[in-house]
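For reference, the structure discussed in these notes is given below.
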Amino acid sequence: MNWSTLASELDGNLVLPGDSTYDLLRQPFNQRIDRRPAAIARCVSESDVVACVRFAAASSVNVTCRSGGHGAEGYCSIDGALMIDQSAMQDVLVDTEENVVHVGAGASWGQVDIATYPRGLAAPGGGCAAVGVSGLSQGGGLGPIARTWGLTIDNVLSVRIVTARDVAPIVADATQNKELFWALRGGGGGNFGAVTRFTYRLRPIGRELLGGMLVYKWADAKAVFQFFREWMNGDDDERLTLLPMFFFAHGNAPMAGISAFYNGDPEEAFDYIQEILAAAKMPDPVNGPLDQALVRGTLPAYTGTESTTAWPGSGQYWRSGFLDNDFPDEAIDTFLSWFEKCPPPPPGRARRTGASTFKQDDLSFGFIESLGGAIERVGKADTAFYWRDQRFSFTFIGIYDTTEATWAAQTRDWAVAFRKAMETYFAGGVYVNYMQADLADWQHAYYGEHYERLRAVKDEYDPQHMFRFPQDLQQ
């Protein structure tokens, strides 16, 4: 392969095996993944992306795309493929006259919030400030204001993308390349080409909002999830997003919590949350009175504070599924009992030093993300996101140090058995942004009845199957 030809056409640079930065750049967010791309193109412009696609088409090399690199299975990094690394394409342009924001594919969602929020505007994005916009925006987009304004994909107005069919940038929106536009909103990142820019509709948002974490003793964990289920299935306020969690505190003690964010007046928010907690006879949180656990702040501050603890440096096993909307108490008992079985760090782990970048605070956890509200008011066929009628996306992440082989094997076995124990309570779907390599019938689990339609779009825009990874739409 004459990689020097591609290197000469890039404004960015091409990284090859043996280069000093290769091992750093080939590694996705999840340290469990260990793959070796043939080359990594560090693109800084749309013309760089075009050069990569043109070279790959002429050279019959497979291609993957990387934005934030947060994919659970690390499919941005594939053995023998050309990785189009767009992480440097971070431009964010806010248009307050049209109330839209144009965002480069390599930006993180935190950058978008920081650019729009001071203007009193926001687009529904992820709950983690570090997540890349590209993967999030092609898979769905669950976050703290999605129940008010819809998924991220429901607020995408147009997409610029370089496809294998065109070997040039094209625009997909409501008037051109309409079937591609449908597919890009929920069909999973990296399937149809290399997206270079998204345009999002902006929504008005308050300058001061209420949010925070309520932490509960493990003995109260069942009550936490019962309260959440009943509130979500009852007279819920779609301005409020609750994210119940189970996690380990210092000393490997299991705890429960509810992360809360209210997209409205903070005084009204406090009164409402206080009311629903009292009506459910919830115990007091251990992290202080309610007016100390819930604080006034901004959307960027909330997503930055509430970001996942599974930072780079750890190996991760992600397992997920949409819970039945009226999941029984037995489901709660099952996931709480299985979390108690989570393999702990080896004795003395905190005292060890060496090459590992694993942090002692990186411990396994789980959560249920809230759907409903504006999300379920969008028609099931309007976008490629199929699971509009689901309200609970259940996820747990087994986290371990990759230098500890026994801990790694124990965590893998635990994650597999944990998900199997939960299968009877799942509705059959899985959020496509939480891909799982060992998932049976993943085509239906991710895409439901939309799979064949999505595959047809993939066939049209990637006829040579150039954009390829283990669970792409031509597998």
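Under the simplified labelling scheme, the SER337-ASP284 pair shows an inter-label distance of 3.3 nm, with each label point 7 Å from Cα along Cα→Cβ.
Between ILE170 and ILE114, the contour length at 0.36 nm per residue exceeds the alpha carbon distance by 17.3 nm. Between beta-carbons, use under 10 Å as the cut-off and find the net charge around PHE327, counting Lys and Arg +1, Asp and Glu -1. The answer is -2.
Checking every one of the GluC sites (Glu not before Pro) in region 183-273 against DSSP loop status and a limit of 16 other Cβ atoms within 10 Å picks out GLU208. Take each peptide in 97-105, 289-297, count the other Cβ atoms within 10 Å of every residue, and average; sorted highest first, the result is 97-105, 289-297.
For the chain, take the longest principal axis of its alpha carbons; what is the angle in degrees between that and the long axis of helix 451-461, to the nearest 10 within 0 to 90? Once rounded, one gets 30 degrees.
Taking amide H positions as modeled 1.01 Å from N, with prolines and chain starts lacking one, the residues under 5 Å from LEU371 and 5 or more places away or on another chain are PHE392, SER393. Rounded to the nearest 0.05, the FRET efficiency derived from the C-beta distance between ALA437 and ASP329 at R0 = 25 Å is 0.20.
Debye-formula intensities of region 245-300, expressed as log10 I(q)/I(0) at q = 0.17, 0.23, 0.27 Å⁻¹, are -0.66, -1.05, -1.23 (one equal scatterer per alpha-carbon, no solvent). Pairs exceeding 28 Å between alpha-carbon atoms, taken from LYS178/LYS380; LYS222/LYS380; LYS222/LYS420; LYS380/LYS458: LYS222/LYS380. Close amide H partners of GLY188, meaning residues 5 or more places away or on another chain with modelled amide H under 5 Å apart, are GLY139. With the helix formula -39500 (n - 2.57) applied to DSSP H stretches of n ≥ 4, the chain reaches a computed 222 nm mean residue ellipticity of -8000 deg cm²/dmol. If the chain linking GLU98 and ASP413 were pulled fully straight, counting 0.36 nm for each residue of separation and taking away their Cα-Cα distance, it would gain 108.3 nm.
Pairwise Cα distances in region 3-85 exceed 15 Å for 51 percent of all pairs. Region 389-422 and region 193-225 have Cα centres separated by 23 Å. Judged by the mean number of other Cβ atoms found within 10 Å, the most tightly packed of the peptides 131-139, 167-175 leads the ranking 131-139, 167-175.
As an equivalent ellipsoid, region 179-247 spans semi-axes of 35, 18, 14 angstrom, where each value is the square root of five times an eigenvalue of the C-alpha gyration tensor, largest first.
Computed over the alpha-carbon atoms, region 92-205 gives an Rg to Rh ratio of 0.95, Rh here being the Kirkwood radius from the mean inverse distance. Taken over the chain, the alpha-carbon convex hull comes to 136 cubic angstrom per residue. Computed from the Kirkwood radius of its Cα pairs, the Stokes-Einstein diffusion coefficient for region 210-443 at 20 °C and 1.002 mPa s stands at 114 µm²/s.
Coordinate-derived values only; no laboratory data. This structure is a prediction, so every number in the text was calculated from the model and none was measured. So basically every Cβ, Gly included, is an ideal-geometry build from the backbone, and we count neighbours across all protein chains shown.
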